[in-house]
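Enquirer: Next up is a structure, given as structure tokens.
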Amino acid sequence: MQFFKKLFAFYVESNLHVSIAGASFTAVSLLYLEGKIEGLYPLFVFFSTLPGYHFIRIVDKYEYGEESIGNFLSELSIEIISLLVISFFGILYVGSRIGMSQMWILIPAVLTTFFYAVPILKYKGQKVTLRTYPRLKLLSIAFTWSIVTVLFPLQEYLGEKVLWLLALQRFLLILVLVIPFDIRDLKVDALSLQTLPQQIGIKRTKAFAAFFLLLFIGISFIRISNAVHLVIIDACIALISFYFLFRANINQSKYFASFWVEAVPIFWMGFVGLYFLMT
């Protein structure tokens, strides 16, 4: 039993879970617009998410600098180092298959991730990141994931309304999924962050998030009105997200947000994938 607990902890804390979630988001996008999964894009998102999140963790845990990064790297286990090496070669291989001409759309997401971690921006005379800049944390996360999991794999549809509706829908869902993390972090977040729960309280934040979920379902009716089963799937995802939102509190269990909330896109991919297999 102890072995499985350690294995589970490694799975979540190594960012494998969030990487699979990102790949699942990407797969859902491809299924909705193309009815099939082009495996290269979910794989690329999976491989790039792993080092991306570890990069943020490096800068978050230590002051930005060569010596600090060296200290962090020296603490990494051989398992994490192996994952990062595999991810690096995975990015190179899958990226070469996709082609550099398809990568330009990731530039805003890469820059947002960099500024999310590295304190270069200034606020009231102090260097801050997008993560610590008041009110920008939530928006920067949703913006990045919408680009990476919707616009990147489906950029040939950039001129079509349906793509932007899907991107807006994804943006709204990610806003909702980040809120349980903000509620969890109320104990440790500086008041200067001005997250939604800090500004308006937990109850009002949940009410805003519930409204976002209603918009999420409304967009589904507009975007896929000719496929009622897919609208029902989106409604189910909204209900699951609302359940986790409702259950979120300051004293939530250790893996409530980092496992269950981040599993929502995996559930979504499972539902949508099953639907397309059966039709």
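Enquirer: Among S220, S241, S77, which one shows the highest mean-square fluctuation when the chain is modelled as a Gaussian network with alpha-carbon springs under 10 Å?
Expert: S77
Enquirer: Right, another one. Using amide H atoms built in the peptide plane, which far-off residues or other-chain residues are under 5 Å from V128 H to H?
Expert: I120, L121, K122, Y123
Enquirer: Output the Cα-based Rg and Dmax of region 155-194 in Å, rounding Rg to one decimal and Dmax to a whole number.
Expert: Values for region 155-194 (Cα only, Rg and Dmax): 15.5, 44 Å.
Enquirer: How big is the Cα convex hull of region 136-279 in projection, averaged over all directions, in nm²?
Expert: 9.0
Enquirer: Please list, by residue number, every one of the trypsin sites (Lys or Arg not before Pro) in region 1-64 that is coil in DSSP and has at most 15 other beta-carbon atoms within 10 Å.
Expert: Counting only loop positions with at most 15 other Cβ atoms within 10 Å, the trypsin sites (Lys or Arg not before Pro) in region 1-64 are K36.
Enquirer: With an 8 Å cut-off on Cα pairs and a minimum separation of 6 or more residues, tell me the relative contact order of the chain in percent.
Expert: Answer for the chain is 22 percent.
Enquirer: Stokes-Einstein diffusion coefficient for region 2-278 at 20 °C in a medium of 1.002 mPa s, Rh from the Kirkwood formula over Cα pairs: what value in µm²/s?
Expert: 109
Enquirer: For R204 and F259, calculate 0.36 nm times their separation in residues minus their Cα-Cα distance, and state this gained length in nm to one decimal.
Expert: That pair, R204 and F259, stretches by 17.4 nm at full extension.
Enquirer: Can you check how the C-alpha radius of gyration of region 75-122 compares to 2.2 N^0.38 Å, as a plain ratio?
Expert: Rounded to two decimals, the normalised Rg is 1.49.
Enquirer: Same structure, new question: What helices in the chain pass both tests, a Cα length along the helix axis of 20 Å or more and a mean Kyte hydropathy of 0.5 or higher, using whole DSSP H runs?
Expert: Span-like helices here: 16-34, 40-61, 78-98, 161-184, 202-223, 228-247, 264-278.
Enquirer: To the nearest Å, what is the center-to-center distance of region 254-269 and region 191-243, using C-alpha atoms only?
Expert: 15
Each reported figure results from applying straightforward, stated rules to the coordinates on display, with no laboratory input. In this text the structure is predicted, and so the values were computed from the model without any measurement. Here the Cβ is made from the backbone with ideal geometry for all residues, glycine too, and neighbour counts use every protein chain on show.
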